[in-house]
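Worksheet for the structure shown next.
The values are calculated or read from the model by the stated rules, or taken from the named source; none is laboratory data. All values derive from a computational prediction rather than experimental measurement. Glycine gets a Cβ as well: all are built from the backbone with ideal geometry, and neighbour counts include every protein chain shown.
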Amino acid sequence: MDDRVSGENARYNDLRNRSAAERNAYHCGAWNRDGRWSVMDRDTNLIGGRVQLMNGRSVGTDTDTSCGRGGSVTALLVRLDNNRTVWIDASDVRYTRVDRVIMTNQDRGDLRL
């Protein structure tokens with residue numbers, strides 16, 4: 001392996017480790033096993049939907065989504081009520097099509113940093 005590829009691999013591994021450490025610092029609530037939650041895919045109309053915490057308090061509006069190769073949503077871009085913008089990983093979000101509720105288990109303090 002040449003030095004360029006080795007350096008790129010080292011940078012990638014450093015970024016991956018830093019990202020994992022930052023993710024572990026978040027405080028997340030536990031999801032219940034309610035069957036009403038839907039899988040989010042590129043056809044799900046999430047943009048413009050209000051995002052709320054597990055306690056029902058609204059924290060912002062979804063402005064964009066990131067989708068993986070298979071079409072499933074991997075993250076939501078949310079404009080918070082304080083006008084800051086954050087990406088929320090799809091594993092930290094649940095959605096109901098009937099009520100059009102987008103809910104995150106992220107802690108309010110982590111979102112408003």
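Can you tell me how many residues within the range 68-91 are at pLDDT 85 or above and either under 16 Å from GLY49 (Cα atoms) or assigned to a strand (DSSP E or B) (or both)?
16
I'd like the full set of residues that are of a type in the set (Gly, Ala, Ser), surrounded by 11 or more Cβ atoms within 10 Å (Cβ to Cβ) and modelled with pLDDT of 90 or more, limited to the range 36-57. Spell out how you get there, then give the answer.
First, pick out the residues of the range 36-57 that are of a type in the set (Gly, Ala, Ser): 38, 48-49, 56.
Among the residues that remain, those that are also surrounded by 11 or more Cβ atoms within 10 Å (Cβ to Cβ) are: 38, 49.
Hit for the range 36-57 is GLY49, nothing else.
Please go through (1) surrounded by 18 or more Cβ atoms within 10 Å (Cβ to Cβ); (2) within 11 Å of the chain's Cα centre (by Cα); (3) under 12 Å from LEU46 (Cα atoms) for TYR95 and return the number of the only condition it doesn't satisfy.
(2)
When you check THR74 against the structure, is it over 12 Å from LEU111 (Cβ atoms), touching a strand residue (DSSP E or B) at 6+ places or on another chain (Cβ under 9 Å), β-branched (Val, Ile, Thr) and in contact (Cβ under 8 Å) with a residue 12 or more places away in the chain, yes or no?
Taking the combined requirement at face value, the residue satisfies it.
Spot the failing condition for GLU22; the list is (1) at pLDDT below 75; (2) touching a strand residue (DSSP E or B) at 6+ places or on another chain (Cβ under 6 Å), and only one is missed.
(2)
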